[in-house]
1. Ranked from highest to lowest mean number of other Cβ atoms within 10 Å per residue, what is the order of the peptides 42-50, 155-163, 57-65?
2. Full-extension gain between Lys131 and Leu73, please, as 0.36 nm times their residue separation minus the C-alpha to C-alpha distance.
3. With a point put 7 Å past each Cα toward its Cβ, work out how far Ile49 is from Leu151 in nm, to one decimal.
4. Show me the GluC sites (Glu not before Pro) within region 64-120 that DSSP assigns to loop and that have at most 16 other Cβ atoms within 10 Å of their Cβ.
5. Tell me which of Ile113, Ile127, Ile86 sits at the most positive position along the dipole axis of region 37-129, charges placed on C-beta atoms (Lys, Arg +1; Asp, Glu -1).
6. Compute the signed sum of charges (Lys and Arg +1, Asp and Glu -1) over the other residues within less than 15 Å, Cβ to Cβ, of Ile84.
7. What does the charge count around Phe160 come to, taking other residues whose C-beta lies under 15 Å from its C-beta (Lys +1, Arg +1, Asp -1, Glu -1)?
8. Under Stokes-Einstein, with the Kirkwood radius over Cα pairs standing in for Rh, what whole-number D in µm²/s applies to region 37-129 at 25 °C and 0.890 mPa s?
Amino acid sequence: MDDVSSYLSINRTLFRICCIFWIVSLAEGNVITKVVGSHVTLACNTSNITVQQLTWKLNGVTLISIKTEDMALYTSEQAVDLKINISLLGTQLYALVIDGVQRAHAGSYSCDITALEGVWIHKLELIITEKPENGKRSEHVHVIAVATTVLCVCCLIFIFTFIILRRVSNCRAEDNSEPASVMEQTGDVYENCLEMNVGRHRSCQSAQTKPRAHQR
């Protein structure tokens, strides 16, 4: 019973971890699919924080950085070449704006925020396609691939855990069965010894009670 309860508790824990991993992967894997030539706005959530500096990066390279204290704006050559701008409007404050998106705009974007409350990094993945149908299919394929990967990992963890607990249970069963077999062997030996002693005792009694021949 202890093995079964421990097995069930471990499986519940693994199931919760898999669910959390799945939710986090879908939440943080923000994928945006756009068609070539369309308008793109990459938002960065800055609500309820006091932003001191905000930096947009593409594949780890700084594109645009702004300091809110004096509104000092830095724009890299790559941002100028790709025609990437930052919005300072209230509804889209600090959002990255791209007009006429091209395949060169595809990649991993990150919004690095330094605020009085701490530091945040918001990541986005921009995928550029030729047709809307391909964009929808690629987004669906990405979600399916993530879900399949998570399920496979959960299944492998479940199988390995089951095998380990089964082996531990078998080892404990073998350890418990060994003393019983030893006791059985000891009992058999003891019974054999008793039978031998009883046989000898009977043979001795029969020899003593055997009538002796009369001497002439």
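1. 57-65, 42-50, 155-163
2. Stretched out fully, the Lys131 to Leu73 stretch lengthens by 17.4 nm.
3. Once both label points are built, they end up 3.5 nm from each other.
4. Taking region 64-120 and a limit of 16 other Cβ atoms within 10 Å, the loop GluC sites (Glu not before Pro) found are Glu69, Glu117.
5. Ile127
6. For residues surrounding Ile84, the net value is +1.
7. +2
8. In µm²/s, the coefficient rounds to 183.
We did not get these values from a lab; they are worked out from the coordinates using the rules stated. None of the values given here were measured: they were computed from a predicted structure. All Cβ positions, glycine included, derive from the backbone under ideal geometry; neighbour counts span all protein chains shown.
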